[in-house]
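Asks: Would you mind keeping the following structure in view while I ask a few things?
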Amino acid sequence: MNLKIDSKLKDICPNTCIGSIEARIKVSESNNELLELIDVECKKIEEKYETKDVSSIQNINDSRFAYKSIGKDPSRYRLSSEALYRRVCKGDGLYKINNIVDINNLISLKSAYSVGTYDLDKIVGTITFTVGGEGESYKGIGKGSVNIENLPVFMDEEGKFGSTTSDSTKAMINDNTVSILMNIISFNGDSELNSYIDKAEELLLNYANAIIVEKKIVY
């Protein structure tokens with residue numbers, strides 16, 4: 001796994017870093033224990049925050065500032081972390097997809113960072129975290145075309161495939177996925193990333209029969 005942050009993004013948002021885990025996993029339905037962990041986290045958030053408070057949560061607020069610095073309106077193109085928090089604060093809970101996607105979302109709730117998990121077998125070559133170019137878009141998961149111009153995005157040798165707002169269908173997790181890359185994306189430094197990487201590792205080991213290939217922070 002070769003992951004780097006493009007200077008095009010780093011020059012604008014110098015505190016950008018990514019907590020990254022590569023793992024071999026088994027995709028399945030989430031068991032009751034994992035679902036209970038998610039429900040407990042949702043209840044904590046629902047009790048602590050109202051919807052109007054979400055954008056001022058530190059890690060979300062700092063990520064919104066990064067969007068503004070790049071030239072993307074964070075109120076129109078919401079961070080995936082902010083969208084999850086808003087859904088929970090409204091009492092809607094989370095969609096349950098599979099154990100990998102559910103762990104991804106649980107880490108996002110715990111950290112208030114956007115988290116993206118990708119099928120490594122569908123990715124070609126080096127992965128670069130960069131900024132979407134003028135007029136660029138891709139087909140989002142569960143939605144139509146996503147405008148990724150001026151959006152922080154992941155790309156491989158074939159093109160853009162993921163962002164901190166909405167991922168494309170290219171490297172989405174499905175029942176046949178066996179190798180993943182989970183990225184916890186921070187725009188405000190690395191002070192909290194190691195703890196969230198460790199939590200993600202614990203969840204993957206406990207609920208996805210994971211074999212951890214590599215853990216690191218990318219700057």
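The values are calculated or read from the model by the stated rules, or taken from the named source; none is laboratory data. Here the structure is a predicted model, which is why all the values come from computation and not from measurement. Heads up, the Cβs are rebuilt from the backbone with ideal geometry, glycines too, and the neighbour counts pull from every protein chain shown. These accessible areas exclude ligands, DNA and RNA; they are computed on the full protein's heavy atoms, side chains included. Shrake-Rupley method; radii C 1.70, N 1.55, O 1.52, S 1.80 Å.
Asks: Is there a quick way to get the dipole size of the range 7-69? I mean about its Cα centre, with the Cβ of Lys and Arg at +1 and of Asp and Glu at -1; what is the value in debye to the nearest 20? Spell out each step's value before the answer.
Replies: On the way: 10 positive and 12 negative charges, 96 e Å.
Value, rounded to 20: 460 debye.
Asks: When the C-alpha atoms of the range 56-125 are aligned to their principal axes, what extent does each axis show, in angstrom, from largest down?
Replies: Here the spans come out as 37, 33, 19 Å, largest first.
Asks: If you don't mind, there's one more thing I want to ask. Taking only the alpha-carbon atoms of the range 1-108, what semi-axes of the equivalent ellipsoid follow from 5 times the gyration tensor eigenvalues under a square root, in whole Å, largest first? It would help to have the intermediate numbers written out before the result.
Replies: On the way: eigenvalues 141, 92, 20 Å².
Rounded to whole Å, the semi-axes are 27, 21, 10.
Asks: Using the Cα centre as the reference, give the magnitude of the dipole from point charges on the C-beta atoms of the range 165-219 (Lys, Arg: +1; Asp, Glu: -1; all else neutral), rounded to the nearest 20 debye.
Replies: Details: 4 positive and 8 negative charges, 27 e Å.
Dipole size: approximately 140 debye.
Asks: With a 1.4 Å probe and all protein chains kept in place, how much accessible area does residue 164 have, in Å² rounded to the nearest 10?
Replies: The accessible area of residue 164 comes to roughly 0 Å².
Asks: Using the Cα atoms as the points, what is the convex hull volume per residue of the range 155-208 in Å³? Write out the running numbers ahead of the final one.
Replies: Working: hull volume 6.1 nm³, N = 54.
Dividing the Cα hull volume of the range 155-208 by its residue count gives 114 Å³.
Asks: How large is the dipole of the range 97-208 about the Cα centre if only Lys and Arg carry +1 and Asp and Glu carry -1, each at its Cβ, rounded to the nearest 20 debye?
Replies: Using Cβ point charges on Lys, Arg, Asp and Glu, the range 97-208 gives about 280 debye.
Asks: What are the membrane-span-like helices in the chain by this rule: whole DSSP H runs, Cα extent along the axis at least 20 Å, mean Kyte-Doolittle hydropathy at least -1.0? Could you put the intermediate results ahead of the total?
Replies: On the way: long enough: 32-48 (24 Å, -0.54); 193-207 (21 Å, -0.22).
Membrane-span-like by this rule: 32-48, 193-207.
Asks: Further question on the same structure: Pulled fully out, how much extra length does the chain show between residue 178 and residue 95, if you take 0.36 nm times their separation in residues and subtract their Cα-Cα distance?
Replies: Values: separation 83, 0.36 × 83 = 29.88 nm, distance 2.18 nm.
Separation in residues times 0.36 nm, less the Cα-Cα distance, equals 27.7 nm.
Asks: Report, as a whole number in µm² per second, the diffusion coefficient that Stokes-Einstein gives for the chain at 37 °C and 0.692 mPa s using the Kirkwood radius over alpha carbon pairs.
Replies: Working: Rh = 17.2 Å.
Value of D from the Cα-based Kirkwood radius: 191 µm²/s.
Asks: Using per-residue counts of other Cβ atoms within 10 Å, averaged over each peptide, order 146-158, 90-102 from highest down.
Replies: Working: 146-158: 20.3, 90-102: 16.6.
Peptide ranking by packing, descending: 146-158, 90-102.
Asks: According to a simple spin-label model (label point 7 Å from Cα along Cα-to-Cβ), what is the distance in nm between residue 169 and residue 11?
Replies: Calculated label separation equals 3.6 nm.
Asks: Explain nothing, just the number: relative contact order of the chain, from Cα pairs under 8 Å at least 6 residues apart, as a whole percent.
Replies: Details: 438 pairs, mean separation 82.2, N = 219.
Taking the mean separation of contacting Cα pairs over the length of the chain, I get 38 percent.
Asks: Just want the answer: with Cβ charges of +1 for Lys and Arg and -1 for Asp and Glu, which residue in 127, 45, 79 is farthest toward the dipole's positive end in the chain?
Replies: The one lying farthest along the dipole's positive direction is 79.
Asks: Rounded, prolate or oblate for the range 89-219? Axes are the square roots of the Cα gyration tensor eigenvalues, ordered a ≥ b ≥ c, and the cut-off for rounded is a/c under 1.5. Don't skip to the answer; put the middle values down first.
Replies: Working: a/c = 1.34, a/b = 1.31, b/c = 1.02.
The shape class here is rounded.
Asks: Based on DSSP H runs of at least 4 residues, each adding -39500 (n - 2.57), what is the mean residue ellipticity at 222 nm of the chain after dividing by all its residues, to the nearest 500 deg cm²/dmol?
Replies: On the way: 6 runs with 72 residues, N = 219.
Here the helix-only value at 222 nm equals -10000 deg cm²/dmol.
Asks: Please work out the FRET efficiency for the pair residue 31 and residue 69, using the Cβ-Cβ distance as r and a Förster radius of 45 Å; give the result to the nearest 0.05.
Replies: Values: r = 41 Å, r/R0 = 0.91.
So the FRET efficiency works out to roughly 0.65.
Asks: So, for the chain, what is the accessible surface per residue at a probe of 1.4 Å, expressed in square angstrom?
Replies: Numbers: 9920 Å² over 219 residues.
Here the residues of the chain average 45 Å² of exposed surface.
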